[in-house]
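Peer 1: Structure provided below as structure tokens; questions to follow.
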């Protein structure tokens, strides 16, 4: 129950150097049918350290975590908690022993209230052994305050944004009497401000001598908060040591099992250094797309053979634009033309017929069908083309699948393996294959590398490059600035649901993109790179801009329901105050009413 | 809090705009305010309550049936003078109390995302066993059916929670099994076991206190207990968690399997108990009752606002749902000229209405 509290900052790393080992895995092995997930892996966690656990997907991170947290039982080796051998048959046992976990996908109960989620299984009771709701709500509110979550704890969890939900999960994990907190990709759904809160919580855990296992694909995060690192590859232990002794390239090369020079030559992302030859006739034009509360005048042109980046802050309408282009979001106004011909009806089927394919942001919910095989997932969208009179030719399917499995290097035991069993990166490749076998003219990629490991990320990026090189028009939506800048030939910048600028040529740079994202003034053609001094200013205002975005999104979601105007009006009113401090405070009001923009 | 968000923003941008923002992130994060202690002097912050629409939706879901029930009762009282009599009300309530007890167990099962199709057969089996054991006294007349029906529930629960089988199939099998057992016990219905007249057990079904038959009082007491367990105990919360997100419940370390086994045992116990009391009321173990009762119970639960997929629901809603079904049946009997089969048509109509409303609710939820 101990909350995060203020304490004098401890020097980083001092606690861990001589600290006792809290949790140790010795020679742990775990097999699944057909796969050795862990092979003789050892892992030590010292009290008070933040220990990065890295590796590609399939390296065994998730399995190791599941062994440590009692989800899986190891086939070989042993676990020691504070030096004593332990065996966890169930997650409940690991938790009782003080190992608490937050998962990448929020594992809470959406229909239950925030407070109930925080206290599930350990509700405060009154003298009659009945749950004391007033106390529970008060304690939940106080606890969540420390995590920057100011919502009413009686609200159902599903009414909160994903990031806020993740903070609730964090509050739950940390508030139990934990000796070890395992965080599996905790930041994948957090906004920068929430990431900052997470880091403060981790600092606080360090002061309280609680060990953290931190799994993330984001190098910046690792180097910012982790003391030591353990690298896994192909189910084996590769390296454990202080993170400060490794530079990023060394770390990446250990994860990939490739030579440093090799990695360096390829750059950080998988994109090639050169741009593409672009045909000047656009294959796709969107004019002034409008959808109430979501899109407010998005215009763009997409040419064959180019990668067009779509940049913007959260809630700026990036994903909505991609969905609208793919016919998955009906429009109130505006026009989408493919090769000069307007899309008659906005339906995904019509867009697919016109040659537009969308790789959706939420792979699990909108992409893969986990229970179907690799083959079935790949041919799903192409079935109409593969069938005659409703009968699907298996031979043609197999041929198609073979081609794409080989070309995209999809790692599956066979085309009949269930997609749900593959790693994130391979699932993404299966989805790419699904769309590529339709031979689209336009490929819309919404966060194509989110949540997939470094190796697969580079492969997907290289593939995007290659596809554009072959003349495909690619729209790349990404919140990863690096990816956007290295991958795109041009970047269209969105703000508040509208196009506000375009970066071309030399200006496809991180600085220029940041300036464009941060710019408040009516966007000039952002062809001039902002000088460094100005950028600092811009960074400062970015905060306010983001707040305004958040207000806008919340507003949009809220006013959708006429009955809720009071809250929304309040939010707008506060958000309009220009003074930076007040705006930020308003953001908290807004966050409380925040809805997931998607 | 300005500091924090500033630091966040700066830190994110700093890695790309290194030249631009150099120096700022360090100072900013050093100044970042520490986390306030709970209940400490961090000051009250605006904590917006649930929005009006949400409360409205929640209200409609939990109290919509009550509104329908009350309006039906009010209208019927004016139209049919014989409806609003105390005798009729007592009759309706006693009739409803048996289904209510069965539906109580069903509510718990459905909240965990399961279903129990065996309750109709178990209800009948409970009655026959109670009548068979009643010559030996009150205690055997209650314990024998409870033991047998609890065992059936336990079997259901173990097969579902431990062996991971589908509730639909498992309880369909025990529906058939319990019915067969019942027929075997009664020589295919040829032997009717009678409850001794004037025994304490018969009194339990036929007697009354303060003008209300014991079955009504028993049902009310069980619902009060059920509501308390569901809303105010960890076990109750676990049921919601299991139905709302089974994986999350497991990963949170909640006793998922135990909760599932328990609800099926409770469902079996309640159905058997209701059957026993019904046998006491009818003075005999009737073999042909209870057919299709599981469907009435499911209908009452769903009409009462419990989500059929689990994760949300209430026992009070179920109570209103049961009463609504009973009132509709009573009204159709009152009308007299109508074939009583139309009762099912009307109940079916209500069921569709509720399912449509639930769909609307869950769609709103998705779009939020």
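Quick note: the coordinates plus some simple rules give every number you see, no bench work behind them. All figures in this text were calculated on a predicted structure; none of them were measured in a lab. Cβ atoms come from the backbone with ideal geometry, glycine included; neighbour counts cover every protein chain shown.
Peer 1: Fewest Cβ neighbours within 10 Å first, please rank B:78, B:168 accordingly.
Peer 2: Values: B:78 9, B:168 13.
Sorted ascending by nearby Cβ count, the order is B:78, B:168.
Peer 1: Suppose each label sits 7 Å from its Cα in the direction of the beta carbon; what would the residue A:40-residue A:416 distance come out to in nanometres?
Peer 2: Each label point is offset 7 Å from its Cα along the Cβ direction, giving 3.4 nm.
Peer 1: Once you have a ≥ b ≥ c as the square roots of the Cα gyration tensor eigenvalues for the stretch B:66-367, tell me rounded if a/c is under 1.5, and otherwise prolate or oblate according to whether a/b is larger than b/c.
Peer 2: Working: a/c = 1.73, a/b = 1.09, b/c = 1.59.
Judged from the Cα gyration tensor, the stretch B:66-367 comes out oblate (a/c at least 1.5, b/c at or above a/b).
Peer 1: Another one. Using the scaling law 2.2 N^0.38 Å as the reference, what is the normalised Cα Rg of the stretch A:67-133?
Peer 2: Details: Rg = 15.4 Å, N = 67, 2.2 N^0.38 = 10.9 Å.
It is 1.42.
Peer 1: Mind pulling the per residue volume of the convex hull built on the Cα atoms of the stretch A:284-486? Å³ is fine.
Peer 2: On the way: hull volume 24.2 nm³, N = 203.
With only Cα atoms used, the stretch A:284-486 gives 119 Å³ per residue.
Peer 1: Given a Förster distance of 30 Å, report the FRET efficiency between residue A:236 and residue A:466 from their Cβ-Cβ distance, rounded to the nearest 0.05.
Peer 2: On the way: r = 31 Å, r/R0 = 1.03.
Result of the calculation: an efficiency of 0.45.
Peer 1: If you don't mind, another one. Have a look at the DSSP beta bridges in the stretch A:15-266 and tell me what percent are antiparallel, nearest 5.
Peer 2: On the way: 24 of 41 bridges.
Percent antiparallel among DSSP bridges in the stretch A:15-266 is about 60.
Peer 1: On average, how many beta carbons from a partner chain sit within 10 Å of the beta carbon of a residue in A:103-113? If you can, show how the numbers build up before the last one.
Peer 2: On the way: counts 3, 0, 2, 2, 7, 7, 14, 5, 13, 9, 2.
Other-chain Cβ atoms within 10 Å of each residue's Cβ, averaged: 6.
Peer 1: Let me ask something else. Could you calculate the contour length gain from residue A:479 to residue A:89, that is, 0.36 nm times the residue separation minus the distance between their Cα atoms, to one decimal place in nm? Don't skip to the end; give the middle numbers.
Peer 2: Values: separation 390, 0.36 × 390 = 140.40 nm, distance 3.94 nm.
Full-extension gain reported as 136.5 nm.
Peer 1: Cut-off is 10 Å between beta-carbons; in what order do A:226, A:437 appear when sorted fewest neighbours first?
Peer 2: Values: A:226 24, A:437 21.
Lowest count first: A:437, A:226.
Peer 1: Another question, then. Between the stretch A:356-416 and the stretch A:145-160, how many Å separate their Cα centres?
Peer 2: Using only Cα atoms to place each centre, the spacing works out to 40 Å.
Peer 1: Over the Cα atoms of the stretch A:11-165, Rg to Rh with Kirkwood Rh, two decimal places? Don't skip to the end; give the middle numbers.
Peer 2: Values: Rg = 18.7 Å, Rh = 18.1 Å.
Result: Rg/Rh = 1.04.
Peer 1: Using alpha-carbon positions, what is the distance between the centroids of the stretch A:282-310 and the stretch B:226-248, in Å?
Peer 2: 47
Peer 1: What nm value, rounded to one decimal, do you get for the distance between residue A:21 and residue A:394 when each label is placed 7 Å out toward the C-beta?
Peer 2: My value for the distance between the label points is 5.3 nm.
Peer 1: What is the average number of partner chain Cβ atoms found within 10 Å of a Cβ in B:254-260? Kindly include the intermediate steps, with their values, before the conclusion.
Peer 2: On the way: counts 7, 3, 3, 1, 0, 0, 0.
Mean shielding by partner chains, rounded to a whole number: 2.
Peer 1: Label point 7 Å out from residue A:335 along Cα-to-Cβ: which residues of the stretch A:346-360 have amide N under 17 Å?
Peer 2: Under 17 Å, as judged by backbone N against the label point of residue A:335, lie A:346 of the stretch A:346-360.
Peer 1: Just grab the label-to-label distance for residue A:126 and residue B:352, each label 7 Å out from Cα along the Cβ direction, in nm (one decimal).
Peer 2: Taking the simple label geometry, residue A:126 and residue B:352 are separated by 4.5 nm.
Peer 1: Roughly speaking, what is the centre-to-centre gap between the stretch A:418-441 and the stretch A:48-77 when only Cα atoms are used, to the nearest Å?
Peer 2: Taking the Cα centre of the stretch A:48-77 as reference, the centre of the stretch A:418-441 is 26 Å away.
Peer 1: Which whole number gives the average, over all residues in A:192-200, of C-beta atoms from other chains lying within 10 Å of the residue C-beta? Could you put the intermediate results ahead of the total?
Peer 2: Details: counts 8, 9, 2, 3, 13, 5, 0, 5, 7.
Mean partner shielding for this stretch: 6.
Peer 1: Among DSSP beta bridges whose residues both lie in the stretch A:284-486, state the antiparallel percentage, nearest 5.
Peer 2: Working: 16 of 29 bridges.
Percent antiparallel among DSSP bridges in the stretch A:284-486 is about 55.
Peer 1: Taking a ≥ b ≥ c as the square roots of the Cα gyration tensor eigenvalues, with a/c under 1.5 meaning rounded and otherwise prolate when a/b beats b/c, else oblate, which class fits the stretch A:94-197? Mind showing how you got there, number by number?
Peer 2: Numbers: a/c = 1.89, a/b = 1.29, b/c = 1.47.
Judged from the Cα gyration tensor, the stretch A:94-197 comes out oblate (a/c at least 1.5, b/c at or above a/b).
Peer 1: Also, I was wondering about something else. R0 = 30 Å: FRET efficiency of residue A:345 with residue B:165, Cβ-based, nearest 0.05?
Peer 2: Working: r = 45 Å, r/R0 = 1.49.
Result of the calculation: an efficiency of 0.10.
Peer 1: Order these by the 10 Å Cβ neighbour count, fewest first: A:345, A:363, A:31, A:193. Please list the in-between numbers first.
Peer 2: On the way: A:345 9, A:363 20, A:31 15, A:193 27.
With the fewest neighbours first, A:345, A:363, A:31, A:193 line up as A:345, A:31, A:363, A:193.
Peer 1: Do you know the relative contact order of the stretch B:66-367, to the nearest whole percent, from alpha carbon pairs under 8 angstrom that are 6+ apart? Let's see the in-between values first.
Peer 2: Values: 525 pairs, mean separation 99.4, N = 302.
Reported relative contact order: 33 percent.
Peer 1: Now for a different question. I need the shape label for the stretch A:15-266. Rule: rounded when a/c is under 1.5, else prolate if a/b > b/c, else oblate, with a, b, c from the alpha carbon gyration tensor.
Peer 2: On the way: a/c = 1.94, a/b = 1.53, b/c = 1.27.
Cα axes put the stretch A:15-266 in the prolate bin.
Peer 1: Expected output is a single nm value to one decimal: the length gained when fully extending between residue B:342 and residue B:187, i.e. 0.36 nm times separation in residues minus the C-alpha distance. What is it?
Peer 2: Numbers: separation 155, 0.36 × 155 = 55.80 nm, distance 3.37 nm.
Contour length minus the Cα-Cα distance gives 52.4 nm.
Peer 1: If you don't mind, there's one more thing I want to ask. Stretch residue B:67-residue B:87 to full length: gain in nm at 0.36 nm per residue minus the Cα-Cα span? Intermediate values should be presented prior to the final figure.
Peer 2: Details: separation 20, 0.36 × 20 = 7.20 nm, distance 2.33 nm.
Here the segment from residue B:67 to residue B:87 would lengthen by 4.9 nm.
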